[in-house]
1. Please work out if B:K762 is of a type in the set (D, E, K, R), buried (at least 17 other Cβ atoms within 10 Å of the Cβ) and assigned to a helix (DSSP H, G or I).
2. Would you mind telling me which numbered condition in (1) of a type outside the set (A, V, I, L, M); (2) touching a residue at least 40 places away in the same chain (Cβ under 8 Å); (3) within 14 Å of chain B (Cβ to nearest Cβ) A:G60 fails?
3. Given the condition in contact with a Leu (Cβ under 6 Å, 6 or more places away or on another chain), at pLDDT below 80 and within 12 Å of another protein chain (Cβ to nearest Cβ), answer yes or no: does some residue in segment B:133-145 qualify?
4. Given the residues A:P184, A:P158, which is the only one that is open to solvent by 50 Å² or more (accessible area, probe 1.4 Å) and free of Cβ contacts under 8 Å to residues at least 60 places away in the same chain?
5. Determine if segment B:87-99 includes at least one residue that is away from chain A (no Cβ under 14 Å), of a type outside the set (S, T, N, Q) and out of contact with any strand residue (DSSP E or B) (no Cβ under 8 Å at 6 or more places or on another chain).
6. Taking segment B:337-356, which residues are open to solvent by 30 Å² or more (accessible area, probe 1.4 Å), among the polar types (S, T, N, Q) and within 18 Å of B:N539 (Cβ to Cβ)?
7. Go through segment A:232-254 and give me each residue that's closer than 22 Å to A:P184 by Cβ and assigned to a loop (DSSP other than H, G, I, E, B).
8. How many residues are under 16 Å from B:R658 (Cα atoms), touching an Asp or Glu at 6+ places or on another chain (Cβ under 7 Å) and crowded, with 18+ Cβ neighbours inside 10 Å if we restrict to segment B:254-306?
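The values are calculated or read from the model by the stated rules, or taken from the named source; none is laboratory data. Predicted, not measured: the structure shown is a model, and the values here were computed from it. Heads up, the Cβs are rebuilt from the backbone with ideal geometry, glycines too, and the neighbour counts pull from every protein chain shown. The area values use the complete protein model at the heavy-atom level, side chains included, leaving out ligands, DNA and RNA. Shrake-Rupley method; radii C 1.70, N 1.55, O 1.52, S 1.80 Å.
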Amino acid sequence: MQESIRFIHTGDLHLGSPLKTVGKVSDVLQKSLRESTYKAIENIVDAALNYDVDFVLMCGDIYDNESRSVKGNLFLNTQMKRLASKGIPVFIIYGNHDSIGRSMDFFKLPGNVKVLGAEAVEMYEVADKSGRIRARILGQSYGAPSETKKIHLNYKPPEDDLINIAMLHTGLDPGPNTYVPCSPEELKNFPAIHYWALGHIHAPTIINDKNPVIAYPGIPQGRNVGESGLKGCLLVEAAAPDQMKVQFVPTSPIVWLIPKISLDLYPSLSDIGDLEELLVEQGQKISAAASGIFPDCSLAENDFKPEGYAVRWEISGRCPIHDDLIAGNEPEITETLEELLNQRLSTHKPYLWTEGVKLRTASPIPDLEFLLKKDETLKTLHAIRQKIQEDEKYKEEAISAMGEIWYKPRRPEDLRDDTFPVTAERFDSLLEDAFNLALERIVKEREEQ
Amino acid sequence: MKLLRIYFKSFGILREQTMEEIHPGLVIIAGPNRAGKTTFMTALRYLGYGLPRKDFIPPSLTGQHDYNADVELMDRSRYNIHILGNSKPKVSPLGSWQEIEIADIFHDLDGFTYRQVFTISLDELRRIPEGLAGKEEQNLQVVLLGGGWVDALRLEKFKAEFDKLARPIGASKGAKNVAGFKTYVETIKEGIEERNEANKQSETYYEKKQELTKLDEETIPRMKKDLQDLQMELETLEIIKDHYDKYEKFLLLGEKLKRNDHLWKTYPEGGHEQAVQLREEYIASVDEYEKIFREYSAAAGEASPDIFLEKEDALLGYQKDLSGWREKVAGYRENKQNYLDEKKVLKQKLGQLNEKWGHDLTVLDEIAVDLVNKANLRESVDKYRKAADKKERIPPEKALAQDSLDTKIKEKKQLIEEDRPRAKNLFHLAGLALIAVLLAVFINPAVSLGVGFILAAAIYVYYQSHQSKEKEHKSQLVLVDKEIDDLRKQLDFLTVEETALQEILNTVGEELNQAVKQLKLPSNTPFFQLVDFYGEITNLKERYGLWLKRKEKLDVQYRELEEIFEEITLVLGSLIQGIPDIDKDFSVSEKIFAAVEKAVDHLGLAQELKRADTNKAKLQEKIIALLLEENPELEISLDMPPAELLGMLNPFISRGKRYEELKKEAETYENINLDLKTSLNIEKRKKTLLRGETEKDVLLAYDQHFSAYSSLEEIERKYGEIAGQEEILERQKRSALEKRTILETEVQYLSSDEKLQAAHQKISTAKDKLEILAERYATYRLAEFLLDGVHKTFIKNTKGSILNSAGDIFEKITSGDYKQIDMPTEQTAAVSILDFKVKQAGIENPQASFQLSRATKEQLFLSVRLSRIRNIKPLPVIFDDSLVNFDPAHSRQAARLIAKMAETHQVFVLTCHPEFIKHLQEQAASAQHWCLDNGKINGPFATPAETISLLNP
């Protein structure tokens, strides 16, 4: 039996793109946060060296168009040299964020790095440690920030016993778009490709686990709370074209999380101190053993431990302290909690940095369920909410009412700096808040009569 | 559901009050103001729902609220509803009826709707026109209020509140660049610009890096090289300048030395100084010689100094011995005198000792003192003298002892005689005393006693004395006897001793006579003088011996002096004239000694003269040697007179002076040469001057640079020019270096992502804040949107069945004045401007709401409310002075409607208006009347008499 070839599949490094850090952060923490994107890449290279891989694939968006930095360039250079010192070749395609037309290399990359061009598909053969040719690498970089053509259609390797690996930066969206339109099905049925090394989507995802494997390694380090969970790269061991083992190798020193705490479960909370203690307790649990941070794929044997967690608490539920303490004081309480939590948790190991606290609590309303069924007004209010959620047209009207600062995104990556996408989840949460607001107002008015 | 009985144990003003057998239809409760009507209404309002903890609930005066009611449902089942405190109503079946929930009794109707629909109060009616905005709106509210949709009435207010909250955040449309959003959006915009700027820094980095490389590898090194050349030139000029004067002097001195080369080479080194000194010494030596020569001639005359010099040793020896000789001569004279004096004394002493001996001293040689032993002689003389002395003393001693014996014998006889008369004296005295006493007794007995006593004492004393004398007398006799005996013995002893002494004198006398003969003394010489004579003769003989030795010594001295004087006179004879001959007493010795001294003086001068001459000759030799040193061919003799010699020496000295000057200049020349070399050999200067030609002589190199300029001014001018060029170039270089530093910092800065990070930070911070605002804005707007939906739903519902039946009621209340209530069917965008219209009898066009009077509005309100009640399963209806604004006709109509309603519903009318009671009484088939006054309930009454009288006292 032949020995497996091993490679690291990564992408979307977004070198130079910083972590979103807001508020008062200690110098130590600030450094850890700032360096985390670099550290993640160093971890990838460490993994490549530790697992003694045959080659490394980087599938686009190595740099970030919005964060082009010399420091990033120098850093990548250094890391590539580390691989070069061990004779590990690296194959790179550029994506929409770093298309070849907007070259961002200020320093010549070392000889072990092969950047695949944008003009046509390029193909290279790679050998295993014994020097025997075992696989082919195919790929094409973006020539411009958008790629509307189905460039993958030109990926035509010979059909033999070599393992054909295709590098492609795509949103895997079959509709007309600017990130190589294609569908999972299309790739699944593509002839002679045994591994689709994709880039563009930041969540590690195994689209198809065999024949062919279609996988996104995700971003090596989440940059904001929207990129929560443990991030990393993929370690692939291929014994044959149809025998592949794909494992997730964690690399993100910092893990973003959105712990959701419903105060419905803690009716005994009587003041902000109690709330603080509750959050500290939850925070310590996360710090001790974070659960639910791993992606849905098998994990490579690894003793990796994150340096820390960046969390945005979401506190909801109906509780007496809402009326007594929270209502009307949200900004102050949020700020206080952030400060207290950071004082108490940010020096742990791993640390837990509270990036933000989102208070979505509401007043306790006795017999709410009964009222929602029987009370004419509240029943109607509830019905309207349901109608908004069910009736698309009505929902559109509601979204319009939210203000021009909100927009409906066409794709997940459709992000803007000064306006906000109304995702389904976001809309539901805002609608719930609005419903509670209206409900409380009506009930409160009645109580005053 | 209908109330059968109600019991207030404690509820506000109502305490321990009961209403039994309550009428199932119309129940009229009359009471003046503040009687407890509103309390009663409140109790009924919350009977099915429990009392809330609100201010409008009347306070419980005793513990907690407590009241209960028996009710009958449509199926005739009966239950008790108990309200205790703020707990939920407790339902208990009255009898065997099955357990049910309170909601079942109240047909699942929520408390709010029950309170709003089934309770019609004056307050509610009064509120119609108040708190609402536009006219159209007001009228719509009437409908809604009439319908019990109070919430719907408030929805607009809530919407307005949310709008008010939303506007400062995002104005009306929530556009990103307005109101509260604006600041953050602008910050984000700035952040984006900064980010773009930061992103551009990559390109800038590359450009700057290239620029930096060019500066580092090309521009700055070239400038440095040029600058180095200029600085080298400047340094060279500086060196030339710094050494210019010195080097110029060096050249001049070199020239001068060259010109005086002959003198420089022939003149002896140190010659000048030597010549000057020799000249001085030579002149002095000539002077000295002449001076001594004069002194010598004056002292010694024509005599050649050599004759003295020949006797130099002898003369100098005499000079040394001269004082010794003088002492010797004096000593000899003194000794000779002493010798003569002693001779005289010896002769005199010899004569004194024994005249017979005369003055011939030789007699002493014949006395043999050796034969006599001095000690034996002295002993014998002593022995003889002592025996003679002792014998001489014995005869007187014998005579004395004989005298004493005689005296003692006489004394003894006398003692024996004296003892007898003394005993008689005692008796005499005693007798006299007795007589005296007796006499005294006779004269005076007192005195006699005293006299008696005194006499007795005297007798006693006398007796005692007598006794003592007697004793003494006896002992004296014994003593005298003993003495007489002793004296006799002594006389015998003395006679024996005298004989013995005479024998000794004879023997020793013989020995001593022999000694007198041996010492040649006269035979009568007393023995006791023998020892002294012996001593004097011995002494004289000794002195005589000494005198003889002195004579011998004096002879020796004479001979010695005689020899000395013989030698001196011999030596001086050829030098000094007139030396006297020596005599026996050396009386001319002083003259001879003076001649010696004179000869010595002359010798001294002769010696001086000889030394001066030698000195002069030596100097002369030296001068000649010096002159020959300069010019060996010079003709010169050793015996050249001083003046001539000096005539040659003086020009030599003049040349010497010039030579010395040249020497100094040569020294200066050498020093300058050395200075120059030392100074120019300093590494930096050397390097500058040699320009790489390391083998070249540095002074030569200097000379080459020096020779390129004709004057110091020319050098200064050149220096100025180059310094100017250097300054310009230095400035350029500094500027290039500064630029490089800036570029380095820039490159360093550009290679970091700080700016980018800062921009991102700015964006995310602002975005975070903006997001919070956007969410709040969205929440308010969505809440508004929801409320709007509810509002529209209410309108829609109101427009349906309610308005139709309400139209009928309205027609009846208005006695047919108004026939129909209508609302537009079309959906309008703004609910708030939705209006209704009523058709008045005889008027074609329906009237808009704002055209109605207040009373008509109230009638409309009542119509809609009653219509609504009709559409809900029956529950007790409560009117609390609701229809006060109706005119009598309309009031009557309203009473009719209420009476009509009492047919299907239990209706409680709480009023303080007797007129209205009358109207109700007229209209209703049956009614029950109750009085309520100050919390006391009285009734029931079948007629209104009691109630009317209560209200019209």
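1. On the way: of a type in the set (D, E, K, R): yes; buried (at least 17 other Cβ atoms within 10 Å of the Cβ): yes; assigned to a helix (DSSP H, G or I): yes.
Considered against the rule, which asks whether it is of a type in the set (D, E, K, R), buried (at least 17 other Cβ atoms within 10 Å of the Cβ) and assigned to a helix (DSSP H, G or I), B:K762 comes out as yes.
2. If we test A:G60 against (1) of a type outside the set (A, V, I, L, M); (2) touching a residue at least 40 places away in the same chain (Cβ under 8 Å); (3) within 14 Å of chain B (Cβ to nearest Cβ), just (3) comes out false.
3. Scanning segment B:133-145 turns up at least one residue that is in contact with a Leu (Cβ under 6 Å, 6 or more places away or on another chain), at pLDDT below 80 and within 12 Å of another protein chain (Cβ to nearest Cβ).
4. A:P158
5. Within segment B:87-99 (the criterion being away from chain A (no Cβ under 14 Å), of a type outside the set (S, T, N, Q) and out of contact with any strand residue (DSSP E or B) (no Cβ under 8 Å at 6 or more places or on another chain)), the answer is no, since none of the residues qualifies.
6. B:Q348, B:Q352
7. A:P241, A:D242
8. Residues flagged as under 16 Å from B:R658 (Cα atoms), touching an Asp or Glu at 6+ places or on another chain (Cβ under 7 Å) and crowded, with 18+ Cβ neighbours inside 10 Å within segment B:254-306 amount to 3.
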